[in-house]
Amino acid sequence: SDALRQLGVALGTLVKEYEDVKVIRGDRSFTERFQDAETLFLLKDYQRASLALYGIVNDSINKKESDYGKAIYYMAESQYQTNNLVAARKYFEWVVTRNLDAYLVTSLKRLVEIADRRKQWDGLDSYLQKLQARGALPAGTIYSTVKSLLGQNQPKAAIKLAREVSDKHELYAKIRYMAAV
């Protein structure tokens, strides 16, 4: 209940500050600006979240901040949700190349989805190999990748990847069906 109360206060402060044009003041700390952006992101207000995050992620002085990687991921997802796929790809690639564990799998999945929507698959193989080097791929990532490989007319690669899913997993039947197709 304390955390909920704190979130309520933060949200009230954010709403009050958002109505004030000075909300994008440069004298506010990274933490303050990030908290505002994170609140917008968690409220699924991706348009405003991306605006709030823009100054944070594009200011090189913030790269040393502990939540900088999280800010980049939020920016990537906000851009994806607002259908700005070019910018989303740029930020998701940043997350993947820097091996941010907490967002690596989700970012790779988004990169596959963006590549499929744009029909531009260049570079995906290297990201997939990087993730495979870390261990077994999650079934959700395999599902997206098998679907993508079929769209790229690479059935042999899709079948090989589909074999990596355990028959105990809930996506097993869907993945095997796609491989059969």
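Considering Ile24, Ile61, Ile56, which residue is at pLDDT below 95 and buried (at least 16 other Cβ atoms within 10 Å of the Cβ)? Lay out the reasoning, then the answer.
Working: Ile24 fails: buried (at least 16 other Cβ atoms within 10 Å of the Cβ); Ile61 fails: buried (at least 16 other Cβ atoms within 10 Å of the Cβ).
Going through Ile24, Ile61, Ile56 in turn, just one is at pLDDT below 95 and buried (at least 16 other Cβ atoms within 10 Å of the Cβ): Ile56.
Which of the residues belonging to region 64-76 are surrounded by 14 or more Cβ atoms within 10 Å (Cβ to Cβ) and either in a helix (DSSP H, G or I) or touching a Pro at 6+ places or on another chain (Cβ under 6 Å) (or both)? Give the steps one after another, and end with the answer.
Quick first cut of region 64-76, residues surrounded by 14 or more Cβ atoms within 10 Å (Cβ to Cβ) only: 65, 67-76.
Selection gives Tyr68, Gly69, Lys70, Ala71, Ile72, Tyr73, Tyr74, Met75, Ala76.
Among the residues of region 110-161, how many are open to solvent by 40 Å² or more (accessible area, probe 1.4 Å), within 22 Å of Tyr91 (Cβ to Cβ) and modelled with pLDDT of 85 or more?
4
Please list, ordered by residue number, the helices (runs of 4 or more DSSP H) wholly in region 84-169 having 1 or more residues that are hydroxyl-bearing (Ser, Thr, Tyr). Spell out how you get there, then give the answer.
On the way: elements: 85-97, 101-118, 124-133, 139-151, 155-162.
Here the list reads 85-97, 101-118, 124-133, 139-151.
The values are calculated or read from the model by the stated rules, or taken from the named source; none is laboratory data. None of the values given here were measured: they were computed from a predicted structure. Positions of Cβ are backbone-derived with ideal geometry, glycine not excepted, and every protein chain shown enters the neighbour counts. Please note that ligands, DNA and RNA were not included when accessible areas were found on the heavy atoms of the full protein model with its side chains. Shrake-Rupley method; radii C 1.70, N 1.55, O 1.52, S 1.80 Å.
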